[in-house]
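S.K.: I'd like to ask you about the structure that follows.
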Amino acid sequence: MEGLHLANPEVLYAWGKGISLGFTGNSAMHWAASKGHADVVRWLLRRGLNPDVRNNADSTPLHSAAGAGRLEVIETLLVDGGADASAKNGLEETPRDVALARREGGGDAIAAAIDLHSRVGALLGFGAENLASEAPMKLMRATLQLTGIEKYRSFAEKSEVVNAVKEYLGTLPARVVPETEDGKWLPMPSLLKAAQAQAQAQAQAPAESPPPEVVAPASPSPRETPTRDADDGSSSSSDDGETNNAKFAKMAVEAKEKGNAAF
C-alpha cells in the first residue's frame with residue numbers, strides 16, 4: 001500500500017474500479033475497516049484519507065466497521081480520526097443502526113462502543129483547553145457515565161466534571177493530524193477530477209482528418225481484334241475444299257491398283 005501511495009497519492013480514493021468487487025465502490029479505508037486492520041486505518045488517516053469517505057451505497061468506513069463488529073477500528077475512526085457517527089448510508093442507517101441489525105449478534109456492545117467513542121471524539125474536537133467554555137455539560141457527563149467512572153455522580157461543581165474528562169482524555173492517544181500540506185483531509189473527488197480532466201482534454205482535441213481517397217486508375221480499353229474480310233474467308237474455304245477432293249481421288253486410285261495387284 002505504501003508503494004502504491006508513493007507512486008500515486010490519489011490511489012487513496014481508488015474506489016476499486018476494474019476489480020471483481022468494484023461495484024461496491026469501497027475505498028482502501030472501507031476494506032481495512034471491515035477486515036479489522038486498525039493500524040492500516042491509522043496509516044490512511046495520516047496520509048490524509050477522509051474518515052467519512054463514501055462508497056457506492058453511501059456508507060462510510062464506520063458503517064463497514066460496525067457491520068463487521070470491529071471494535072478497535074470503531075475506536076480508531078471515532079477517536080483518532082473524528083469520524084461522523086451520525087452519517088447515514090443510502091438506506092438512511094447510521095453506523096449504530098447497522099450494528100444493531102447485525103445477524104451475527106453482539107450489536108448492543110458495538111452500539112455502546114459507538115456511543116462512547118463518538119462522544120469522546122466530539123470532546124477531543126473541542127480541545128482540552130476549551131472544554132470548560134465550549135463543551136456541553138451533558139456531553140461530558142454522558143461520556144463519564146459510558147466510561148464507567150462512577151465518581152462523576154458525586155461531582156457538584158462543573159470544574160470537577162471538566163477535570164475528570166481531561167484526566168480521561170489524557171489517557172488516549174493524540175488525534176491523528178493528516179500529514180498533508182495544509183493538515184486537512186484530501187478532497188474525496190480527486191481521482192474523478194483527474195478522469196474528468198482527461199475526458200475533457202480528449203473531447204477538445206482536434207478531430208483527425210480522414211485519409212485522402214485513393215482513386216483507382218482507369219482500366220485500359222480492350223484492344224480491337226482485327227477481323228478478316230468476309231470475301232477472304234470464303235475464298236480460303238473454297239481453296240481448302242478443292243485440295244481435299246484431289247487428295248481423296250488420288251487415294252482411291254491407289255487403293256484400287258493395290259487391290260487388283262492382290263488378285
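S.K.: Can you tell me the FRET efficiency between residue 92 and residue 39 if r is taken as the Cβ-Cβ distance and R0 is 22 Å, rounded to the nearest 0.05? Don't skip to the end; give the middle numbers.
M.R.: Numbers: r = 32 Å, r/R0 = 1.45.
The value I calculate is 0.10.
S.K.: Determine the equivalent ellipsoid of region 30-73 by diagonalising the alpha-carbon gyration tensor, then write out the semi-axes as square roots of 5 times the eigenvalues, largest first, rounded to whole Å. Could the numbers behind the result be given before it?
M.R.: Working: eigenvalues 44, 38, 8 Å².
For region 30-73, the semi-axes come out at 15, 14, 6 Å.
Coordinate-derived values only; no laboratory data. Just so we're clear, the structure is a prediction, and the values are computed from it rather than from any experiment. Neighbour counts run over all protein chains shown; Cβ positions are idealised from the backbone, glycine included.
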